[in-house]
């Protein structure tokens, strides 16, 4: 067993375990903490896959952003009666059956699929360690990198040149809209309630 | 036994199912939100794995993963705003009680 | 210089306008309004109504006199009245109607491309009009003056009606409103230039008569009499309408005057023909349409064997093989030619002697161009219809019973409306239409008139009510006039109309005074010996009675003598019609008897009922002088310029001038003619108005004169002998029969009123049982259907709708259970679905 494999197993164990813990823990604060571990594990897996930029992003946004938001929300709404709201036993049973079924379906699908053409290969120069230039260029719509390093044709795949500038724009606008929407939704409306 | 794509995909599946379970059992609205985050992460992991194991998806996968992360952030922001709003209105975040859409 | 015709129009319209203006003063719609506070002011106010009415009729009378002299001057200037009528007649188009055009067997009168017909409103003045205007206005003026005084009790705001025993508001203004309006309309009737217009006025005078008979509307008898008069006149007017419709349909004109116009060329200049303006005929009168014209507008005479000018041209129609209709002149053909202006405006060319081209309208020239015809019997029917109108208006048998009842009105009304003017309108109309009446119709008129004379005289013999007595006398005299018209005594009939109007008005006014001074007692049996209290009136009434009875040299004698002479001539020429001679002579005797009785019982002898006659005293002022004026008027009519030569009397000369040409022509034939002509049906009227030398040698006239005077003497003698003692009127079955007017009302009741009522009741039953039954059955069936439909609706349609809604509701209720609102449940189900689909795909792929 090579070191990367070992690290994968460790990280997989951490991620899966803490995800399950997130799901099953009855206290919302604990769930949040377990979620942090799960996110961290996924970030580790990104690193393991060689996508340092992704991993960093994952850590920054999820662990540093979203999780903090969640914890804030928990704190804002944390009143004794809400911190623990256990589901009924029958509910649990149903959910476990469904979860198990879904897992079984997905897993059997995965296992029954022949993953030809999907194998570990060295990363191209664009996504080389500590270098996110290729990604940035892709985002900016430059095809220089691709011209320099033509990608091998994949059978059954339509060759296409990646131009992600449009996606980038969409993300930006989307975020803007979301921020405005969130600010609008979350703003205080005491006056209206009093009036009502 | 080397680590293949399937390992990653199975791990993502476990994550996804965990998220689903979290989504289904939590009566706390924030718990539901956490479940959604888990499911999104599963998706992101899937994309990253496909990007790693097929070179033609190398950049696409990353781009979409970032997309997913951003979406998750946006979703979290909006969802939390909704939750807070609901809390302000109903002084509760129990989704069992949020049944105004009952027929 | 104003139009002379316009003068007459103004004269006729003044009383109408006064009447209309007085409507405001009388305010008939406020009859029940008692305003005692302003009573005295109202009295003074209301007197103006009388003054206004008298003033209007007075001005009219003056205008008529001016018009008369103007007219005489116009005639003396030598201009031919008949060629140039413009200053004396005018009309405006009123309605323009397309001519009914249809062709068919027997309807030879119709030509589809004949021109349209104008109904016109207009007036025309001829000799007859001028004479009658003077007569009507002067008599009306006298009666108006009398009424001014005699109606004075109506001035008060409140009047006690003795007979109805109620207090009621006075109707002074209302009386003069209708009275004045009546006079004006009567004048318009005489002035009108077409039958339709006459008919309008005819109806309007009838309406005024209705109002005036029902003047004392609180009295039941007056109300009934007014309605009776109105209804009986309607019966006659139906005939009038039928006659008018026939004439209008077949001749296309109702005009009484032929309108000629100066022909103008395209530049508007008058076309001259031998120094005279060329004239063309614009519209033909009824007379000129039916009687053959002497010449066309070009002066060419019409010559046709058996068709003399001025006669009706009788033809037979034949249709040639080519479909062309030909008219052949025949002595007694079934058709009468209707001339039209197109024919007369073109030449009387005769391509084919003795035959008319009836329908060859397209042919150039030819005297038969577009000639129409009217069946002879239809012409007679039209005449009978028109005469029926006159029967109603002039109270001839069998529509006479309304006139005695009409005496329920005030005395001036009886004098003016129901003896002098309105009832004479029938005589006037018959005189106007004389030329279009066929001999058979004239004979009917003669017989009905003579019978009415006899009827009226017998009834008058025993009447107890003085006013009813005079009414029957009026009836009798009107019959005499009608009889005269029927036998061609045209001018004598109108002459008698004039003298009778004056005398009868005089008698009525005198009787009114008598009755008023005797506590409103009208029963002749309770009067008597009044000559002491009312000497002047007794004298005036004696004059009236003797004049009416026909004492020589008094006004009535001249006219009555003339009529009798005509009738006797006629009767003696054809012994078949000898009754027409005998009955009037007997009637003369009866007339003398009842008039003697009338005067004797009122004025002579001793009072029978002191309580009635003690308060009577001589009246002066208007009540006397209006009577005197009537006497003077009557004498002026007959005595000027000389009492002994009646032929030179201005009035008779004027009447003689205005006689239609056909009367003169036919009287010529009579005098020189033989019985043969009478037998053959070509009627020949008599006119004794030949030069005296001619007349005196003729047997019938001298005989008539002698017999009439004899009858008068005997009658007076009989009357005096019978009533010289202060006994009462004989009472017996015959007397009662006569007093009830031969029980004519009962006959009418049995023959007409009861059947009509029965018919009405039958129709009511029919209505109630049959039509209502059908309607009810339909209603019932509809309701049944509706009920069935309701069941269908309720159960099937509504059931379907209800079941649909119920099913939908149930489905909604069932489905709402699924909608728990629980997000997690939804998610569980979604996940289940995903799992199921995934599993399915897996199984299928394997």
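The values are calculated or read from the model by the stated rules, or taken from the named source; none is laboratory data. Since the structure is predicted, the reported quantities are computational estimates derived from the model, not experimental observations. Every residue, glycine as well, gets a Cβ built from its backbone with ideal geometry; the counts of neighbours run over all protein chains shown.
Determine if region C:158-165 includes at least one residue that is touching a residue at least 24 places away in the same chain (Cβ under 8 Å), buried (at least 22 other Cβ atoms within 10 Å of the Cβ) and either out of contact with any helix residue (DSSP H, G or I) (no Cβ under 8 Å at 6 or more places or on another chain) or closer than 19 Å to residue C:24 by Cα (or both). No: zero hits.
The residue that is nearest to residue A:42 (Cα to Cα), among those in region B:74-83 that are surrounded by fewer than 21 Cβ atoms within 10 Å (Cβ to Cβ) and within 7 Å of another protein chain (Cβ to nearest Cβ), is B:74. Somewhere in region A:23-36, is a residue more than 7 Å from chain B (Cβ to nearest Cβ), modelled with pLDDT of 85 or more and assigned to a loop (DSSP other than H, G, I, E, B)? The answer is yes; a qualifying residue exists.
The number of residues in region A:6-22 that are free of Cβ contacts under 8 Å to residues at least 40 places away in the same chain and facing chain B (nearest Cβ under 7 Å) comes to 6. Within the bounds of region C:826-834, is there any residue that is surrounded by 10 or more Cβ atoms within 10 Å (Cβ to Cβ), more than 30 Å from residue A:112 (Cα to Cα) and without any contact (Cβ under 8 Å) to a residue 12 or more places away in the chain? No, region C:826-834 contains no residue that is surrounded by 10 or more Cβ atoms within 10 Å (Cβ to Cβ), more than 30 Å from residue A:112 (Cα to Cα) and without any contact (Cβ under 8 Å) to a residue 12 or more places away in the chain.
Results for (1) more than 26 Å from residue A:76 (Cα to Cα); (2) more than 7 Å from every other protein chain (Cβ to nearest Cβ); (3) touching a strand residue (DSSP E or B) at 6+ places or on another chain (Cβ under 8 Å), shown as yes or no for each residue.
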position: B:3; (1), (2), (3): yes, no, no
position: B:6; (1), (2), (3): yes, no, no
position: B:12; (1), (2), (3): yes, yes, no
position: B:20; (1), (2), (3): no, no, no
position: B:24; (1), (2), (3): no, no, no
position: B:28; (1), (2), (3): no, no, yes
position: B:40; (1), (2), (3): no, yes, no
position: B:45; (1), (2), (3): yes, no, no
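Note on region C:558-577: residues that are farther than 26 Å from residue C:634 by Cα and under 30 Å from the mean Cα position of the chain (by Cα) total 4. For region A:59-75, the candidate set comprises residues that are modelled with pLDDT under 85 and more than 13 Å from residue A:32 (Cβ to Cβ); within that set, the residue that is farthest from the other protein chains (Cβ to nearest Cβ) is A:64. Residue B:32 satisfies every condition listed in (1) within 12 Å of the chain's Cα centre (by Cα); (2) touching a residue at least 40 places away in the same chain (Cβ under 8 Å); (3) within 7 Å of chain A (Cβ to nearest Cβ) except (3).
Just one of (1) without any contact (Cβ under 8 Å) to a residue 24 or more places away in the chain; (2) in a helix (DSSP H, G or I); (3) more than 7 Å from chain A (Cβ to nearest Cβ); (4) within 28 Å of residue A:184 (Cβ to Cβ) fails for residue B:57. It is (4). One residue alone among A:56, A:43 is in contact with a helix residue (DSSP H, G or I) (Cβ under 9 Å, 6 or more places away or on another chain), under 20 Å from residue B:64 (Cβ atoms), more than 7 Å from chain B (Cβ to nearest Cβ) and at pLDDT 90 or above, and that residue is A:43. Condition check for residue B:89 on (1) buried (at least 21 other Cβ atoms within 10 Å of the Cβ); (2) away from chain C (no Cβ under 14 Å); (3) farther than 22 Å from residue A:61 by Cα: one failure, at (1). Residues of region A:87-102 include none that is at pLDDT below 80 and outside any loop (DSSP other than H, G, I, E, B). In the condition set (1) crowded, with 19+ Cβ neighbours inside 10 Å; (2) more than 22 Å from residue C:175 (Cβ to Cβ); (3) at pLDDT 90 or above, residue C:248 is compliant with all but (3).
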